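All of the numbers you see were taken from the coordinates with simple rules; none came from a lab. Every value quoted in this text rests on a predicted model; they were computed, and no experiment measured them. With ideal geometry, Cβ positions are generated from the backbone for all residues, glycine too; neighbour counts draw on all protein chains shown.
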Amino acid sequence: MAIKTRKEYIDSIRNLKPNVYISGEKIENIVESPYLRTTINNLSLGYDWANDPQYEGLLTNWSTLINEKVSFWAHIRKDDDDLMQMVRAINNFSGKYLCTMCMSMGLAALWAITYEIDQAKGTEYHQRFKNFFIKLQREDLRFVLGVMDPKGDRQLPPSKQPDPDLFLRVVEKRPDGIVVNGAKMHTTSAPVAHYFVASPSRVLGPDDEDYALAFVCPTDTKGITFITRPAAGPLEQKDMENPISSQIGFVESLSVFDNVFIPWENVFMCGEWDFTGGFINYFSSYVRLAKGTCIAARTEMLSGITAQVAEYNGVEKAAHIRNKITDMIMDAKIGYGCAVAAAKLATVHPSGIAFPDILTSNAGLYNTRLKYIHHLGVMQEIAGGVVTTMPVEADYKHPEIGPLVKKYMQGKVGTSVEERYRILQLIQDMTASRLTGYLIGSAVCAGGTPETNRVEVFRNYNLAERKENAKVLARIKSDPYWGGGL
Ligand SMILES: Cc1cc2nc3c(=O)[nH]c(=O)nc-3n(C[C@H](O)[C@H](O)[C@H](O)COP(=O)(O)OP(=O)(O)OC[C@H]3O[C@@H](n4cnc5c(N)ncnc54)[C@H](O)[C@@H]3O)c2cc1C
């Protein structure tokens, strides 16, 4: 039994007892908590699609590890076609529901780095990691990635921080396992996942050995506390308002580890600081491809919503409106094009996993994420100020004042007032709500800030070769085919 249904997923997390606090409340039952309703729904939609024949092969893959159909989230991608399938899946799913938990694609980096450490040091990390993967695949379980540490003073490496817990670290090694202490910051959806995977957040030096750490543990492991920020939307399901954020949401956790025991079979890195550079590089190429695809899909989503509201407002034929929608589509396609290129230019690591081209994945995300924020503003401009000023749902439905609201919310002649009102509520949710803040944060920071895209591009680009070419063009350096005359 590889692919779970929505019900099986919810039943499986019903048995978990993670230590979760949300808004000062201790959550006793994660499945029944109104705070977690939309996050559970977000993950459940992935299970729904995996079981829907019309999406066959999109959120499912064939595993050569267990010779079964497995979930998209627990797949090892072996070549460029596999990566293209990932791009198609994120493009489709995020284009409808905003989020494919694409950050989790970064787990692939551990596949490669555990292999490299084993080759160099004779450790057993890769087999342990493979065993974990097989479990994920067999039982169709979900994990979250705790990469980012709280980090304290950004100028200081972990070992120089006045408080040593500002990066998650090993405090004890025992014959049967290790004890870890510290925290990971901003872990998305942690309380409703089966596993927590921790990994380093930066390149480390020899003094930071204790921080070179990767492992997995069940989310309800003793000693872990999730201090969880509620999702952006309302706690209850709405009819007209918050059409997105009342259905799907993303809780965020400060995940605190208070002397947590991790058995050796769940440890994938412990002290190998000299492999953290490689890990970050692999992580970067995967996550930036996934994130770039996701933001491109979200931009395409904006083009449809904007075109629809323009129609209800009667301005769909205006040249400037068409131009602005065209810009949205073009930016979405540039982002998608970079994602396709990054997938197609993949290289295969000796461990058998394919890595996207790091240059195009970072360049694509950099461009698309900043444009996305601009287009959110454009969508609001085209919808008009009513997005932030219109009467609320209770007034729209009120027996006495409702007819007045409907009279004055009429748009283009012959169009439905209710449809226009619903689209405006959607735009309100996306551009003028707590969800807006989340969408902006997710575009700007999640998966690493735009500056990290610049760093990766500069670090990985072969500028030396281009400089040599400049010398040839300027005839500083000779070349048999250039500058020799006819
Ligand atoms: C919605 C959302 C979901 C997320 N989900 C997850 C998740 O599931 N798991 C996870 O692990 N993380 C997650 N993250 C965290 C995300 O990866 C980080 O926010 C991101 O990598 C930036 O790190 P930071 O927030 O610590 O910012 P910082 O690193 O503090 O960056 C802030 C600014 O300071 C600059 N800066 C930082 N250090 C230096 C320096 N030494 N020198 C010069 N400039 C510097 C940066 O370039 C940036 O401009 C999520 C974030 C968001 C917003």
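Here r is the Cβ-Cβ distance between Lys96 and Glu468 and R0 is 35 Å; the resulting FRET efficiency, rounded to 0.05, is 0.15. Taking trypsin sites (Lys or Arg not before Pro) across segment 396-486, the ones in a DSSP loop with at most 12 further Cβ atoms lying within 10 angstrom of their Cβ are Arg475. For Arg77, the residues whose amide H sits under 5 Å from its own are Ala354, ignoring neighbours fewer than 5 places away on the same chain, with H placed 1.01 Å from N.
If R0 equals 22 Å, the separation of the Cβ atoms of Glu124 and Trp62 corresponds to a calculated FRET efficiency of about 0.25.
Summary of the geometry: segment 62-117 and segment 1-57, compared by the centres of their Cα atoms, lie 20 Å apart.
Loop-located GluC sites (Glu not before Pro) in segment 1-41 (DSSP state other than H, G, I, E, B) with a sparse environment of at most 14 neighbouring Cβ atoms within 10 Å: Glu28, Glu32. Comparing Cα centroids, segment 224-258 and segment 151-181 end up 29 angstrom apart. The string of couplings for segment 152-160 from the Karplus curve (6.51, -1.76, 1.60, θ = phi - 60°) is x, 6, 5, 7, 9, x, x, 5, 9 Hz, one whole number per residue in order, with x for Gly and Pro. Asp395 sits among other residues whose Cβ lies under 13 Å from its own Cβ, and their net charge, with Lys and Arg +1 and Asp and Glu -1, is 0. Taking the Kirkwood radius as Rh and the Cα radius of gyration as Rg, segment 291-466 has a ratio of Rg/Rh equal to 1.12. In order along segment 394-410, the Karplus-derived 3J(HN,Hα) couplings, from 6.51 cos²θ - 1.76 cosθ + 1.60 at θ = phi - 60°, round to 4, 6, 4, 9, 5, x, 8, 8, x, x, 5, 4, 5, 4, 8, 9, 4 Hz, and Gly and Pro are given as x.
A Förster radius of 45 Å, combined with the Cβ-Cβ distance separating Val417 from Lys135, puts the computed FRET efficiency at roughly 0.25.
Which residues among segment 276-302 fall inside the zone where the amide N is under 19 Å from a point 7 Å beyond the Cα of Val348, along Cα→Cβ? It comes to 286, nothing else. Kirkwood radius and radius of gyration were both taken over the C-alpha atoms of segment 73-135, and their ratio Rg/Rh is 1.08.
Ranked by how many other Cβ atoms sit within 10 Å of their own Cβ, fewest first, the residues Met240, Met269 fall in the order Met240, Met269. The GluC sites (Glu not before Pro) of segment 379-486 that DSSP puts in a loop, and whose beta carbon has at most 15 other beta carbons within 10 Å, are Glu400. Take 321-328, 73-80 and order them by the average number of nearby Cβ atoms within 10 Å per residue, most first; the result is 73-80, 321-328.
Each other residue within a Cβ distance under 12 Å of Ile476 adds +1 if Lys or Arg and -1 if Asp or Glu, for a net charge of +2.
Evaluating 6.51 cos²θ - 1.76 cosθ + 1.60 at θ = phi - 60° for every residue in segment 164-180, the Karplus couplings come out as x, 7, 6, 10, 5, 8, 8, 10, 7, 10, 10, x, 9, x, 10, 10, 10 Hz, glycine and proline recorded as x.
For Met269, the amide hydrogen comes within under 5 Å of the amide hydrogens of Ala214, counting only partners 5 or more places away or on other chains and with H modelled in the peptide plane.
Among residues other than His375 with Cβ under 12 Å from its Cβ, the summed charge is 0 (Lys and Arg +1, Asp and Glu -1).
For the chain, the 222 nm mean residue ellipticity estimated from helices alone, with every DSSP H stretch of n ≥ 4 adding -39500 (n - 2.57) and the total spread over all residues, rounds to -15000 deg cm²/dmol. Taking amide H as placed 1.01 Å from N in the peptide plane, the amide H of Val70 sits under 5 Å from that of Asn61, Trp62, Ser63, each at least 5 places away or on another chain. Divided by 2.2 N^0.38 Å, where N counts the residues, the Cα radius of gyration of the chain comes to 1.06.
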